[in-house]
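Notes for the one structure printed next.
The values are calculated or read from the model by the stated rules, or taken from the named source; none is laboratory data. The structure displayed is predicted, hence computed values, not measured ones. With ideal geometry, Cβ positions are generated from the backbone for all residues, glycine too; neighbour counts draw on all protein chains shown.
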Amino acid sequence: MPSWEPSLPPMSWLLTHTRDGWVLHHGSYVEVADRFFVEGGWAGPWDHLALVRACNVFGSGGVVSKDSMEIATPSHTLDCLYLLINRDDAVTAISNSLPFVVEFAGINLPLDFRATARMASVVFGLDRYDRLVLRDGNLRVARLFAKNCLWRRDGSITLKEKPKEPRFERYSEYVALLASVIRETFSNCSHPERAVRFTPLATCSSGYDSNASAALASAWGCKEALTIKTGRGGTNDSGARVGPVVVLDVAEYRLPANGCGGNFEKEFFASGMGGEDLQYGVFEPRLSRRILVTRFHGDRVWSRRAFPSAVLERGDLSGCSLAEYRLRVGFVHVPVPFIAVHHHDAVHLISNCHEMAPFRVGGTYDRPIPRRVLEEKGVPRGWFGVRKKAVSVLAFRNAKALTLSSQRELRTLRGVLSGAKRLEYVGWSGSWWIRYFTLGWLMKLLKRIQYRGGPAHPIVRLARFAGDWRVFEHSHPFAAILFAWGLAGTRRRYRIFDEDRREGGTPGMEFEGGAHAAAP
């Protein structure tokens, strides 16, 4: 449907309210119906109540009632919602974009060297992540992952747990649930009542998780896949030969030598999550109006060795830097391993049960569930899951992963740091590499001990003073500089507000009770 804010990224939205009703500013791919709005889709019927009752939501939106708005968040931790909070602890705006909130509120961005470590805390799970994103005077921006909320017009918020899938005990039950969620999501995203419909597209590689996710999607109409040929260190990570076996037409890409984010590299850092997903920039011509099926979190959910977590605890931040890129390009993101993730203990039991013994190959890279999915589809055992590879771009460790123009911008930014902040950066940077390699070696050793002896092993308990490696990786000041650089550059695309509009004077879309009316 036509957007009242044609300059906004297609999947972005920001909701606020006035005395007269709820005010929604949104991009052109956000669906607005009589009782609700949504970007993305969910596993369920095209109905306003189904959005907030769905176990699996791949996007975000809201359902309006007389005095409140129930907001649905994504069911995974790759995306979240951002809440603008005033001095009275009242929520004044909610958005699926951090730069949108920052620009709407006119927030001045401080250079906070601890910001990216706070952002990375989402790896600890839903019960331990840091809610605060940034602060400017009396204004705060907080974030909300994988829980719905009831937002009242007085600014108060009540959090609500998302519904959970029925528990399963056998491999066949689990795979049937995955297939059902994929099928229902594909159906929802192509519903005839939608103004913009989406078609499926998968990713594949030489490993387990993306191939298994793509194989499950291929049974429900997904016929295309994307793969990157070269992994980190020059290894071949292509899934080109796996695709045809599971009935997928695979397009193979190579990463450019000098950066892979084009003119939009900043958006991968605007979430504060390290920009590990820069390589997805090469897929941009194929992603608009697609349902992108990915493998994120499969390394934990489908591993035999990872300890089960019902709170979405993760091992890294892969997939978390796609948010602004997704909103601008306009695709729905379906990370298959997050489906039924609250029953991770049941998945772990299945991976280690007697039934799955023929699909266990031993070693540290052993994932019998995706192996069985692929081998039963006819993929030969030696074609995948032989050795762990990666294509993530770790620009916070090495700025050479960026384009030359971005490298020059960052050198300029570091050059203008003033006074104590510059001294603090230089002092931090000088000792950081020693700490990085020392602590990195120690944490990897502890991880091996924990795999064998469990989290209560005496050596693990004794050494916990060292901190958590997953957050420490993102605590270097250069990571904070990349975050500030990305956020400052990305907020420009949301410059649609003057002072009157920040007060709600001219709505983008106004809800009154159960109906909505466009501004003339």
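Observations, loosely collected:
- Among residues of the stretch 263-275 that are part of a helix (DSSP H, G or I), those with a beta-carbon under 6 Å from a residue that is among the aliphatic types (A, V, I, L, M) at least six positions away or on a different chain give the pairs F268/L278; F269/L482.
- The stretch 159-175 - residue that is among the basic types (K, R) and over 21 Å from the mean Cα position of the chain (by Cα) and, of those, farthest from P244 (Cα to Cα): R167
- Matching entry among R290, R328 (being of a type in the set (K, R), closer than 24 Å to L487 by Cβ and either surrounded by fewer than 23 Cβ atoms within 10 Å (Cβ to Cβ) or in contact (Cβ under 8 Å) with a residue 40 or more places away in the chain (or both)): R328
- Single residue of I85, I71, I94 found to be farther than 30 Å from E184 by Cα, modelled with pLDDT of 95 or more and among the β-branched types (V, I, T): I85
- Checked against (1) in a loop (DSSP other than H, G, I, E, B); (2) under 23 Å from the mean Cα position of the chain (by Cα), V123 passes all but condition (1).
- Extreme residue, nearest to V52 (Cα to Cα), among residues of the stretch 141-155 that are at pLDDT 95 or above and more than 22 Å from the chain's Cα centre (by Cα): L150
- Single residue of R153, R143 found to be of a type in the set (K, R) and under 26 Å from F296 (Cβ atoms): R143
- Note on the stretch 322-362: residues that are outside any helix (DSSP H, G or I) and at negative phi amount to 11.
- Here the stretch 126-140 is the region considered, the condition is being outside any loop (DSSP other than H, G, I, E, B) and out of contact with any helix residue (DSSP H, G or I) (no Cβ under 8 Å at 6 or more places or on another chain), and the residue that is modelled with the highest pLDDT is R140.
- Taking the stretch 3-43 as the range and being of a type outside the set (S, T, Y), in contact with a helix residue (DSSP H, G or I) (Cβ under 8 Å, 6 or more places away or on another chain) and outside any strand (DSSP E or B) as the test, the residues that pass are L8, P9, P10, M11, G27, A33, D34, R35, A43.
- The number of residues in the stretch 204-217 that are within 15 Å of I228 (Cβ to Cβ) and part of a loop (DSSP other than H, G, I, E, B) comes to 4.
- If the condition is being surrounded by 21 or more Cβ atoms within 10 Å (Cβ to Cβ), among the aliphatic types (A, V, I, L, M), within 24 Å of V341 (Cβ to Cβ) and in contact with a strand residue (DSSP E or B) (Cβ under 7 Å, 6 or more places away or on another chain), then the stretch 120-143 contributes only V133.
- Test: L78 is under 22 Å from K266 (Cβ atoms) and touching a residue at least 60 places away in the same chain (Cβ under 8 Å): yes
- Restricting attention to the stretch 190-220, the residues that are over 28 Å from F37 (Cα atoms), surrounded by fewer than 24 Cβ atoms within 10 Å (Cβ to Cβ) and of a type outside the set (A, V, I, L, M, F, W, C) total 2.
- Selection from the stretch 25-38 of residues that are touching a residue at least 60 places away in the same chain (Cβ under 8 Å) and buried (at least 20 other Cβ atoms within 10 Å of the Cβ): H25, H26, G27, Y29, E31, V32, F37
- Test for V311: is it assigned to a loop (DSSP other than H, G, I, E, B) and either of a type in the set (A, V, I, L, M, F, W, C) or in contact (Cβ under 8 Å) with a residue 12 or more places away in the chain (or both): yes
- Looking across L201, L226, L178, one residue alone is under 21 Å from the mean Cα position of the chain (by Cα) and in a helix (DSSP H, G or I). It is L178.
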